[in-house]
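Novice: Got a structure for you, written out below as structure tokens; questions coming shortly.
What follows draws every value from the coordinates through simple rules; no lab data is involved. As the structure is a prediction and not an experimental result, all values here were calculated from the model. For neighbour counting, all protein chains shown are included, and Cβ atoms are generated from backbone atoms with ideal geometry for every residue, glycine included.
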Amino acid sequence: EAQVTQNPRYLITVTGKKLTVTCSQNMNHEYMSWYRQDPGLGLRQIYYSMNVEVTDKGDVPEGYKVSRKEKRNFPLILESPSPNQTSLYFCASTHRTSGTDTQYFGPGTRLTVL
Amino acid sequence: GQQLNQSPQSMFIQEGEDVSMNCTSSSIFNTWLWYKQDPGEGPVLLIALYKAGELTSNGRLTAQFGITRKDSFLNISASIPSDVGIYFCAGLAHMDSNYQLIWGAGTKLIIKP
């Protein structure tokens, strides 16, 4: 079954304690991205990756890092989380063909930073 | 970052009513996407539109890609309780070898019993 998986689904942590949210897709997609979702603001892109070892900033990259060492995995790293990073995070993987693009989303990770 | 103007922000409707929502932008898009998000889940793609003027249906859902490529609408006919959720539009802009997906803020659909 084609899917995007994220772990953990829920996480409560404290300010300054480094954490990593994993994302994995089994569809061999080249393009992956991370979003955060906050009430009234919709989805905002944090980082994206066009392919292995190719990453770039989205709209709200401050306080986040990513890596793309292999095609299937795209972890999101918070080196020193702060309360304003409390949010719902989604990883997405994109199927791209000529003229069409379809994004598949993971189930989400709800992060609370105390 | 840029966002699409999606309206309405929320809708309270009776079961059986038709629903209409839309997104507008000052930018041109190559693709319009409509997603639905249920509580505790990630967005799920409903309809994808790839050509200006395109009208596409998916069951009771119909969406259109505006002629100007700056807007799109989604209609739901004869709403049922499982239609509740948040609907998002997203516009895809290709820039050189890159592309950017811009999201609307969402339309929350609530069905009155």
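Novice: Conditions: (1) part of a strand (DSSP E or B); (2) within 14 Å of chain A (Cβ to nearest Cβ). B:GLN64 meets all but one. Number of the miss?
Specialist: (2) is the only condition that B:GLN64 fails.
Novice: Out of everything in segment B:48-98 that is of a type in the set (Ser, Thr, Tyr) and touching a residue at least 40 places away in the same chain (Cβ under 8 Å), what residue ends up being surrounded by the fewest Cβ atoms within 10 Å (Cβ to Cβ)?
Specialist: Applying the first criterion (of a type in the set (Ser, Thr, Tyr)) to segment B:48-98 yields B:50, B:56-57, B:62, B:68, B:72, B:77, B:79, B:82, B:87, B:97.
From what is left, the residues that are touching a residue at least 40 places away in the same chain (Cβ under 8 Å) are B:68, B:72, B:77, B:79, B:87.
Numbers: B:THR68: 11, B:SER72: 28, B:SER77: 14, B:SER79: 19, B:TYR87: 24.
In this case the residue turns out to be B:THR68.
Novice: May I pose another question? Name, by its number, the condition in (1) within 14 Å of chain A (Cβ to nearest Cβ); (2) of a type in the set (Phe, Trp, Tyr); (3) in a strand (DSSP E or B); (4) touching a residue at least 60 places away in the same chain (Cβ under 8 Å) that does not hold for B:PHE29.
Specialist: (3)
Novice: Kindly list, by first and then second residue, each pair from a residue in segment A:60-81 that is part of a loop (DSSP other than H, G, I, E, B) to a residue that is of a type in the set (Lys, Arg), limited to pairs with Cβ atoms under 6 Å and residues at least 6 apart or on different chains.
Specialist: Between residues of segment A:60-81 that are part of a loop (DSSP other than H, G, I, E, B) and residues that are of a type in the set (Lys, Arg), the close pairs are A:VAL60/A:ARG44; A:PHE74/A:ARG68; A:GLU79/A:LYS18.
Novice: Let me ask another. If you take the residues in segment B:14-43 that are under 24 Å from B:ALA78 (Cα atoms) and of a type in the set (A, V, I, L, M, F, W, C), which one is surrounded by the fewest Cβ atoms within 10 Å (Cβ to Cβ)?
Specialist: Applying the filter and picking the extreme gives B:VAL19.
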